[in-house]
1. When ligands, DNA and RNA are left out and all protein chains stay put, how many square angstrom of accessible area per residue does region 174-321 have with a 1.4 Å probe?
2. Of all the accessible heavy-atom surface of region 246-321, with the other protein chains kept in place and a 1.4 Å probe, what percent is carbon and sulfur?
3. Treating only the Cβ atoms of Lys and Arg (+1) and Asp and Glu (-1) as charged, compute the dipole magnitude of region 257-319 about its Cα centre; round to the nearest 20 debye.
4. Give me the extension gain from residue 56 to residue 141: residue separation times 0.36 nm, minus the current Cα-Cα distance, reported in nm with one decimal.
5. Ordering 155, 76, 71 by accessible area with a probe of 1.4 Å, largest first, what comes out?
6. Where a Cα-Cα gap under 29 Å defines reach, which lysines qualify for residue 128, not counting those fewer than 8 residues away within the same chain?
7. Put 313, 266 in order of accessible area, largest first, 1.4 Å probe: what do you get?
8. Quick one: with all protein chains in place, what share of the accessible area of region 83-225 is carbon or sulfur, to the nearest percent (1.4 Å probe)?
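The values are calculated or read from the model by the stated rules, or taken from the named source; none is laboratory data. Computed from a predicted model, the values in this text were never measured in an experiment. All Cβ positions, even for glycine, are placed from backbone atoms using ideal geometry, and neighbour counts span all protein chains on display. Each accessible area value is taken on the protein alone, full model and side chains, heavy atoms only, with ligands, DNA and RNA left out. Shrake-Rupley method; radii C 1.70, N 1.55, O 1.52, S 1.80 Å.
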Amino acid sequence: MAEERTAVGGDVAALEAEIAALRRENASLKAQVVALEGALMDVRVDAPPRMATMRAAVIERVDNERRRLLHAVLDHSPSVIFVKDPEGRYLLVNRQAEHRFGRTRKELLGRSDADFFPPEAAQAMREKDVEAVRRGEPLQFEEEIVFAGELRHFHTIKFPILNNFGALMGVCGIATDITEQKRKEEERLLLREQVIAAQQEALRELSTPLVPIAEGVVAMPIVGSVDQARAERIMGTLLEGIGHHGAHAVILDITGVRTVDTNVASAIVSAARAVRLLGARVIVTGVRPEVARTLIEIGTDLDGIVMRGNLQSGIAFALRR
């Protein structure tokens, strides 16, 4: 029994000694962690060589992670992204740049635009680099670049990159292909012009309508003002309508004309002369007293033109003949 108690006591003592050793080792590790954290937080800490090595490893790992993150962003961008040195040589290109140039990074880096583009195009690109540096701020513009024999449109941003001392390190460029947007915009503008042209043509037709009244009789109500262009349309519509309808009488109703001036008078007289040449006659209706006075005062030659006060009387006159 005494021997057993001695053995148990020895085991307990050994266990306690092991626990004490572990506690001392734990305390040492905690002290190392605290020292390492201090060294990482303050570069001025004079850390032991082991701490400095560990700190350098952590910093390198962080830098590597940042570089991987940066390259992931650059390579997944749909825009062409590049950095050139002050002499115009490529320092950095992303995957989209490789795709557009049809070259690998190794083939692009260290070379300039003059190695890939005609002299005029390369010179224009270089001038934009210089302008961005001169301005000292982002420069935005549109440019046309030929890649693989195809003309593409780009919206480009260029800006200078400076070091901590303000010295020029290079020029960064971000070029976004807007060819499809330009094409769609041109199609939209073309469609808009076509719609406007169709509307204008419809308005022209509505502004000079020729209405059949009876067999051999047509009428044209004139509303609004009459300028030279509209006078020519009136003439063309009348001459075409007379031949189409076989009319012997044309009624020009000017009830809706606000002001009778030389343009209106000239249109009436010219129409009457042209109509008579086709064997028909002109009847002008909607002539108010003030309109008749104006026509006389401006010396309008109304020979061969029948004047009536309203459209109803003009139609009645035309049907009697």
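1. Solvent-accessible surface per residue comes out at 57 Å².
2. Summing carbon and sulfur atoms, their accessible area is 52 percent of the total for region 246-321.
3. Once rounded to the nearest 20, the dipole reads 200 debye.
4. Full-extension gain reported as 26.3 nm.
5. Putting 155, 76, 71 in descending order of accessible area: 76, 71, 155.
6. Once the sequence-local lysines are set aside, what remains near residue 128 is 84, 106, 158, 182, 184.
7. Greatest to least solvent exposure: 266, 313.
8. 55 percent
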